[in-house]
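Each value in this text was obtained by applying a stated rule to the coordinates, not by laboratory testing. As the structure is a prediction and not an experimental result, all values here were calculated from the model. Neighbour counts are summed over all protein chains in view; Cβ atoms, including those assigned to glycine, are modelled from backbone coordinates with ideal geometry.
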Amino acid sequence: MSLKKVYDKQPNEFTFNDSNLKLAEKILTKYPSKNKKSAVMPLLYLAQKQNQNWIPLAAMKYIARYLSIPYINVYEVATFYTMYNLSPVGKYFVQVCTTSPCLLRGADKITKICKEKISPKQNELENNKTCSWTEVECLGACVNGPVIQINEDYYEDLNDKNTIKIIDSLLNDKPLKSGSYRNRKNTAPETNKNLNGEKNAQN
Ligand code: FES
């Protein structure tokens, strides 16, 4: 389980840039004006994207003012959900699913590789700040386990060999493609294989 820690070096100010201000206004139109506090989650996500994938306290205060709600209401949401990062993460942020189905399919080998190649501790930036990693709960792609999420993409059906290649590609700033690493199409069964993963005999 990931540890959520508020970063100790905080910027003093945060405001949405022009394009995000327009997006924020658009988001607000999805909610009744008396319930605009419901927009807190998409606005936090917007702030995270604007601020290199983490949310400073100044952004929470800004969103509270923007929605005319108490700061604590924003803070409690941002600190509860694991998809909000409260400290800087790497340019490539690797989230390793370690819930039971992925664990049974070898997620422990993936966390070991992350410890060796990125950082011994999760939520720590690798030396040149290219990568950081963390464990997360189910990513909702159990049938393709083990699964990792890198920024907004899923890498699925992994084993130790292809995980090493993927992490190396991130460290070299040339990420490999996302998707299934057993050439499955989405969650479809592999073609021409029986339930034991052996090739069917040709007719
Ligand atoms: S258990 Fe890993 S994606 Fe669901």
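If you go through segment 92-99 one residue at a time, do you hit one that is surrounded by 15 or more Cβ atoms within 10 Å (Cβ to Cβ) and more than 22 Å from A141 (Cβ to Cβ)? Within segment 92-99, not a single residue is surrounded by 15 or more Cβ atoms within 10 Å (Cβ to Cβ) and more than 22 Å from A141 (Cβ to Cβ). Can you confirm whether segment 37-49 contains a residue that is surrounded by fewer than 15 Cβ atoms within 10 Å (Cβ to Cβ) and within 26 Å of N127 (Cα to Cα)? Yes, some residue in segment 37-49 is surrounded by fewer than 15 Cβ atoms within 10 Å (Cβ to Cβ) and within 26 Å of N127 (Cα to Cα). Could you check, for segment 103-123, whether at least one of its residues is under 30 Å from F16 (Cα atoms) and either touching a residue at least 40 places away in the same chain (Cβ under 8 Å) or in contact with a Ser or Thr (Cβ under 9 Å, 6 or more places away or on another chain) (or both)? Within segment 103-123, one or more residues are under 30 Å from F16 (Cα atoms) and either touching a residue at least 40 places away in the same chain (Cβ under 8 Å) or in contact with a Ser or Thr (Cβ under 9 Å, 6 or more places away or on another chain) (or both). Listed by first and then second residue, the pairs with beta-carbon distance under 8 Å, at least 6 apart or on different chains, first residue in segment 30-50 and among the hydroxyl-bearing types (S, T, Y), second assigned to a helix (DSSP H, G or I), are Y31/S38; Y31/A39. Taking the criterion of being closer than 23 Å to N151 by Cβ and assigned to a helix (DSSP H, G or I), the residues of segment 36-54 that qualify are V40, M41, P42, L43, L44, Y45, L46, A47, Q48, K49, Q50.
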